[in-house]
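Here's the structure, in structure tokens; my notes come after.
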Amino acid sequence: MCIAGAGLARGYLNRPELTAEKFIDNPFGEGKLYRSGDLARWLPDGNIEYQGRIDEQVKIRGFRIELGEIESAMRHIEGIVDVAVIAAKDQSGDSVLCTYLVSDTEMSESLLKKNLGASLPEYMIPAYFMRMDSIPVTRSGKVDKRALPRIEVTSTREYVAPRTEIEETLCQVFSQVLGVERVGAEDSFFELGGDSIKAIRIVSKMRSAGYSVSIKEIMGKYTVEAIAHAVEAVSENRYEQNEVTGPVIPTPILEAFA
């Protein structure tokens, strides 16, 4: 959304570089055109609908995400009146997506995630939702993120105990790496704060426990139950990487340095 007209400011105070970036020559007439950084669209009735910021890009689990894109997808769900998506920190200090929504009817998280899954990849689906009477806004009409209540970041799925030895091992490893006290068979790697780096640590710990699983399987199957089907037992011919001691027979090169 760009703005022009007689009431437009001259620029940012003492910030010439930002002024040059945001206040450009108006290609449609005289004066300057201000690039607001807001995303909006014309409605059939002539009104302008504000859809959020276009520069609110965050990095979640190694993926760069536009929060406005998630908000736009949420608004296409029937019954959603207003929505705000932010990136918050979980108990381990990792970023997770939290959604605040205003809706005509009560909506379950599973239904919301299912609807979003039809248009968004898994890593863009928020982990936590909170229904509100209204989204707080600033005097300028933008979302007041400081006024949004904190969502308690915990596992949102009903706990399902592991049913096999592999699932139990995976749950234990997930708990250690992701910093979650209790992990169930249906819990999602991403919802618990997983990312590519933590997937590597899980692969390493699973191998130490006698199992083999790839990073691709962890990132692609998400839940403990699904990942367990891709886990294989490591061959008995395992190599220890502990300290090696004992006599060393000198080679010609070693003797040359003796």
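Every number here is computed from the coordinates shown, using simple stated rules; none is lab data. Here the structure is a predicted model, which means the values were calculated and not measured. No Cβ is skipped: glycine too gets one built from the backbone with ideal geometry, and neighbour counts run over all protein chains shown.
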Over 21 Å between Cα atoms, which of 89/221; 89/145; 198/221; 89/114; 114/221 qualify? 89/221; 89/114
Sequence of 218, 60 once ranked by neighbouring C-beta atoms within 10 Å, starting from the fewest: 60, 218
Just from its helices, what would the mean residue ellipticity at 222 nm be for the chain, if runs of 4 or more DSSP H residues each count -39500 (n - 2.57) and the sum is divided by every residue, rounded to the nearest 500 deg cm²/dmol? -7500 deg cm²/dmol
Given 13 as the ceiling on other Cβ atoms within 10 Å, longest exposed-site-free region of the chain for GluC sites (Glu not before Pro) in DSSP loops: 182-235
The rounded separation in angstrom of the Cα centers of segment 18-42 and segment 100-135 is 33 Å
Calculated from the structure, mean projected area of the Cα convex hull in nm² equals which of (i) 25.1; (ii) 17.3; (iii) 13.3? (i)
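What does the charge count near residue 31 come to, summing +1 for each Lys or Arg and -1 for each Asp or Glu among other residues with Cβ under 13 Å from its Cβ? Working shown, then result.
Values: positive: 10, 32; negative: 25, 30.
Computed value for this residue: 0.
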As straight-line cross-link partners of residue 142, the qualifying lysines (C-alpha separation under 20 Å, not fewer than 8 residues apart within one chain) are 22
